[in-house]
Amino acid sequence: MSERDELLTEIAPAGVIRAAVNMSNAALVRLDPVTGSLTGPSAQIAIELAAELDCGLSLVQYGSAADILAAAEGNEWDVAFIASDPSRADRFSFSPPYTTVTASFLVSDSSPLGSVEHVDVEWVRIAAARTAAYTKQLERKVRNAIVLHTENPASALDMLVSSQCDAAAGLTESLSRFCEENPGFRVVEGTFSKVPQAIAVHRRCIHASTFLSDFIQQHCCAGKPSN
């Protein structure tokens with residue numbers, strides 16, 4: 001069996017790569033309102049991957065990383081564009097990062113919290129998506145504040161809007177976009193996390209794991225978009 005055939009057996013057995021993308025992260029993938037197609041680094045890399053292997057591509061949209069992880073059990077996707085986090089290494093193999101995104105906190109305009117450093121104090125309640133990679137990093141850093149888990153990033157923002165918490169954790173770009181659309185909120189200064197984004201495959205996909213590592217390294221060396 002040729003190398004290409006081995007790869008396709010693992011990540012495109014029907015001749016089409018099903019690539020899972022996280023639609024809650026607009027910095028990486030978003031819907032073009034004019035063309036109706038998906039754009040952004042994740043979508044572009046998926047397109048290039050399919051072209052490299054000369055096979056079809058289906059971009060499978062999910063509302064959060066948690067949804068992508070849950071769908072893995074049902075064999076709904078072949079590759080996934082998600083954060084590379086050590087807590088996921090028992091289930092998936094990750095390529096090198098193709099970009100890195102940052103996470104910060106959203107607060108109300110009236111909040112006394114001005115920077116990331118101000119948030120970790122005893123009376124502060126932080127809402128954060130339970131399975132987000134940045135939440136894992138946040139929990140490792142927080143010493144005094146209380147982390148309140150939510151089902152997804154949108155739920156964390158809802159808690160802040162309804163005054164059920166003092167700050168909402170999230171990806172900086174997404175939080176900034178929320179501020180633009182919802183007056184009365186702001187992103188604090190600084191970031192508490194840098195989250196590497198990679199392509200994940202099931203650990204059983206040994207050939208695909210090696211191929212994707214080389215593919216992303218070549219992609220980055222070629223000077224293609226990384227943010």
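Only the coordinates and a few stated rules stand behind these numbers; no lab work does. Since we're looking at a predicted model, the values are computed, not measured. Cβ sites come from the backbone with ideal geometry, for glycine too, and all protein chains shown count toward neighbours.
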key: Along principal axes, Cα extents of the range 1-84, largest first, whole Å   = 41, 29, 21
remark   = Ranked on Cβ counts within 10 Å of their own Cβ, fewest leading, 84, 58, 42 go 58, 84, 42
request  = With no solvent and one equal point scatterer per Cα, compute the Debye intensity ratio I(q)/I(0) for the chain at 0.09 Å⁻¹ and report its log10, rounded to two decimals.
outcome  = -0.39
note = Taking R0 as 41 Å and r as the Cβ-Cβ distance between residue 149 and residue 1, the FRET efficiency 1/(1 + (r/R0)^6), rounded to the nearest 0.05, comes to 0.35
remark   = Over the Cα atoms of the range 102-193 the radius of gyration and the largest Cα-Cα distance (Dmax), both in Å, equal 11.3, 32
